[in-house]
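Down below is the structure, laid out as structure tokens.
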Amino acid sequence: APRVVSGARGRLRAVAQTPSPGDRIFGLFTEATLEYQYPVSCRVCELHAHGEGGQMYTWGSVSPKCYCGKAMDWIVRGPNQPPLLCYRRSPTCVADRMWQSHAWRCTCTACAHAYQEICRGCVPGPLCEDEPCSPDNQHFGFEATADKCTYSLAVAGGKLWIFVGDCCLHDNEVVWMFDPDAVSIDRISLPTQNEDGMMTCRRVINACTMPDGRRIYFEAYSELNAPVSGVLDSATRTFEPWPQPSPGSFRGRFASVVTATVGMTNERLYTISRNAASWELDSDVQIGDPCMPARGPAEGTLVVFGSDGKHDTSGAALVRPRYLLEIGGQVPVRPVSSPVAIASVASGGCSLLPQVLRYGSGAMGFLLFNLEGDVFRFRDEDILLPEQVWQPPQWDLCGGDPGMVTFCFTEPQETERKAHIYVLRRYEYFRRLLDGWSEGQTRTVLIEDVDVSTFELLLGYLYSGSLDSKLSMPDLAALLSAANRYLIADLAVAALRRLQRALRASCPVRAASGEALARVLSTAEAVGGEGAALLQDAIEAVLVHRAELLEDEAFLSQLTRNSPAALRALLAAFRACATLDRAAVRWRRECGALGPPSHSVQPQWLALSGTRRPRQAGLDEEVGHVPQILPVVRLAHRGSSNGPEGAAASAIVSSSGAAMAAQVSAPAAPSPPPVPPPSMLTR
């Protein structure tokens, strides 16, 4: 799977995601591997879209929110800036001694609080990674051995709750509550005395948000090293014991759906509904291998990731989607697969975190994380059903050989191709064709809508399950269209993925012709819903690598003739991604340069005069010098023909026209040296 974030900020210990529509992703980072007791510095970072250096995402500092509700921006201040006005005034504030330092400020237009700022001591910025730990912001610390602690994150009440379980010491029996809007940290002590039936918690090993979005379920150990379970109310900040013991080792493998919270052990799946007070076993789901659940694309669905027993060349286990679960559905478990996978560090232990998060409200994908802070992405189109994966044909000759089918082509010169019935009966189109139509009796099928070369590639894939690596984009597009016509799902997926792989690389896109890219766009639109991802990949390739095709007449004419819907999608994407400067548009139209250079404005009288326009630096190099007669012509149109100004202007225009006619009819004379135009003051 593609790695969308690389370059760690330390060790990523846990991740969490806020509910929709926010879908903000936070990560808890510590320093690198520490095998001895040391002051551990923790830092909360947020996963931002549009990463730096060509990355899709990047880990960055959490931006505080202004009172107007907008996120503040990191302002680079200089020596000529006014004094820093920090309204946070925490114990680590540096506004008084470093008043020229960088700060957070709201840049929203017409914000009444734009003058208020937050210094980097109260809320560290993206350039302040060396700031000391503080109990008032996202940089906090504690005394422990970092690699011997357990870390859990849960989102409840709009806050991020951080649980750290120290297996060696008991000095860290607190819960940190992080406010992502104010970027502040608050400490809440765990119950440590058994008073009035209250439990005693020491080391928290698991925590997850309950379906109501307010309470947090957690598992810990008591003073006697006995497992205990409890609930933390985020509104009242009180702890209550959980009446049921833990059903198994969850190890942080939780996922939230609309009406329930799902926890997965090594063997079974358990759920907590909104009104339930205990974990309920889902008897319909039995998974033998350790897996990681994630919220699915539809309500009430889960996608389970795990290892299918395969390894890469280095011996690392491969993790990929394995099951699609539907909570309370008629078919609770459906196996899925994917041609892409994520390699773990070693076959014995995987460095991936147990949390798998779904990003985006529509059909987008899933994010997986490892300890180094890298982020891996699975798109939704990378997950396949069993019928979308090629299976070898089953040769059963016990009942006799059923024979072969002959495919006839009218052009060129009545060509024929043959295939075994065992290979064709695996697909619904050919199975119905041979069972209920006359072709089943004659064993002859006439092909009129697919050419011979494309049909040969189709039959070759039905036998081998592979495509030639040297196929061009038009060949793959024709193969995808044929697979969609004959309902061959595995071939359609194979051709679709090959086209997407070619479109995501810059070299094949730059080497392809405009007609080939137009063919791909037309095919993606004709395929329908299955080609939506291909259509977007083709549009991205054209806009990023071949933007000149938007002015190519052959490309646009072919796209207009074959698929107007694809052309409309391309123009809609260009309009959505382009920045339209209306002032620049009006100015270029005023200069007569709105459009390609071949369609620039040229006055008729200048073309008749046969003289070349003088070229000047700057704008005149593209537009040309504005003629001196233009103000006079405008004056003639503005003034009345009966007034003195109108009569004078008309006389000037008439004389200019007569002079031009005489100049055209007279023989060419040597042109005098060019006279510089008068200045604006003289004019």
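The values are calculated or read from the model by the stated rules, or taken from the named source; none is laboratory data. Predicted, not measured: the structure shown is a model, and the values here were computed from it. Neighbour counts run over all protein chains shown; Cβ positions are idealised from the backbone, glycine included. Side chains included, ligands, DNA and RNA excluded: accessible areas come from the protein's heavy atoms. Shrake-Rupley method; radii C 1.70, N 1.55, O 1.52, S 1.80 Å.
Residues are listed down the side, and each one gets a yes or a no for (1) out of contact with any strand residue (DSSP E or B) (no Cβ under 7 Å at 6 or more places or on another chain); (2) under 29 Å from residue 502 (Cα atoms):
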| residue | (1), (2) |
| --- | --- |
| 422 | yes, no |
| 431 | yes, no |
| 446 | no, no |
| 460 | yes, yes |
| 465 | yes, yes |
| 474 | yes, yes |
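For residue 88, the criteria (1) part of a loop (DSSP other than H, G, I, E, B); (2) modelled with pLDDT of 80 or more; (3) within 32 Å of the chain's Cα centre (by Cα); (4) within 20 Å of residue 186 (Cβ to Cβ) hold in every case but one, which is (3). Taking the condition open to solvent by less than 10 Å² (accessible area, probe 1.4 Å) and in contact with a Lys or Arg (Cβ under 6 Å, 6 or more places away or on another chain), does residue 477 pass? Against the criterion (open to solvent by less than 10 Å² (accessible area, probe 1.4 Å) and in contact with a Lys or Arg (Cβ under 6 Å, 6 or more places away or on another chain)), residue 477 qualifies. Taking the criterion of being crowded, with 20+ Cβ neighbours inside 10 Å and part of a helix (DSSP H, G or I), would at least one residue in the range 403-418 satisfy it? Within the range 403-418 (the criterion being crowded, with 20+ Cβ neighbours inside 10 Å and part of a helix (DSSP H, G or I)), the answer is no, since none of the residues qualifies. With respect to the stated conditions, residue 491 fails to be buried (at least 16 other Cβ atoms within 10 Å of the Cβ), touching a Leu at 6+ places or on another chain (Cβ under 7 Å), under 20 Å from residue 339 (Cβ atoms) and without any contact (Cβ under 8 Å) to a residue 24 or more places away in the chain. Within the range 50-66, restricting attention to residues that are part of a loop (DSSP other than H, G, I, E, B) and modelled with pLDDT under 85, which residue is surrounded by the fewest Cβ atoms within 10 Å (Cβ to Cβ)? Step by step, filter the range 50-66, then rank; the result is 54. Scanning the range 439-476 for residues that are farther than 22 Å from residue 409 by Cα and among the small types (Gly, Ala, Ser) gives 464, 465, 466, 469, 472. Only residues that are assigned to a loop (DSSP other than H, G, I, E, B), under 31 Å from the mean Cα position of the chain (by Cα) and farther than 14 Å from residue 69 by Cα: list them for the range 103-121, please. Answer for the range 103-121, where residues must be assigned to a loop (DSSP other than H, G, I, E, B), under 31 Å from the mean Cα position of the chain (by Cα) and farther than 14 Å from residue 69 by Cα: just 120. Scanning the range 147-190 for residues that are open to solvent by 20 Å² or more (accessible area, probe 1.4 Å) and either more than 21 Å from residue 16 (Cβ to Cβ) or at pLDDT below 80 (or both) returns 147, 148, 167, 168, 169, 170, 171, 189.
Tell me which residues, restricted to the range 18-32, are open to solvent by less than 30 Å² (accessible area, probe 1.4 Å) and either closer than 17 Å to residue 258 by Cα or of a type in the set (S, T, N, Q) (or both). Answer for the range 18-32, where residues must be open to solvent by less than 30 Å² (accessible area, probe 1.4 Å) and either closer than 17 Å to residue 258 by Cα or of a type in the set (S, T, N, Q) (or both): 18, 30.
A quick yes/no check of all residues on (1) open to solvent by 60 Å² or more (accessible area, probe 1.4 Å); (2) not polar (S, T, N, Q):
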residue	(1), (2)
241	yes, yes
259	yes, no
280	yes, yes
301	no, no
307	no, no
319	no, yes
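Are any of the residues in the range 35-49 in a strand (DSSP E or B), modelled with pLDDT of 85 or more and of a type in the set (S, T, N, Q)? Taking every residue of the range 35-49 in turn, none turns out to be in a strand (DSSP E or B), modelled with pLDDT of 85 or more and of a type in the set (S, T, N, Q). Consider the range 344-376 and keep the residues that are within 13 Å of the chain's Cα centre (by Cα) and over 20 Å from residue 153 (Cβ atoms). The one that is modelled with the highest pLDDT is 365. The number of residues in the range 449-474 being over 31 Å from the mean Cα position of the chain (by Cα), surrounded by fewer than 16 Cβ atoms within 10 Å (Cβ to Cβ) and not in a helix (DSSP H, G or I) comes to 2.
To keep it simple, each residue is scored yes or no on (1) over 27 Å from residue 487 (Cα atoms); (2) crowded, with 20+ Cβ neighbours inside 10 Å.
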site: 504; (1), (2): no, no
site: 514; (1), (2): yes, no
site: 520; (1), (2): no, yes
site: 525; (1), (2): no, yes
site: 533; (1), (2): no, no
site: 542; (1), (2): yes, yes
site: 555; (1), (2): yes, yes
site: 571; (1), (2): yes, no
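When we screen 226, 235 for residues that are at pLDDT below 85 and loosely packed, with under 14 Cβ neighbours inside 10 Å, the only hit is 226.
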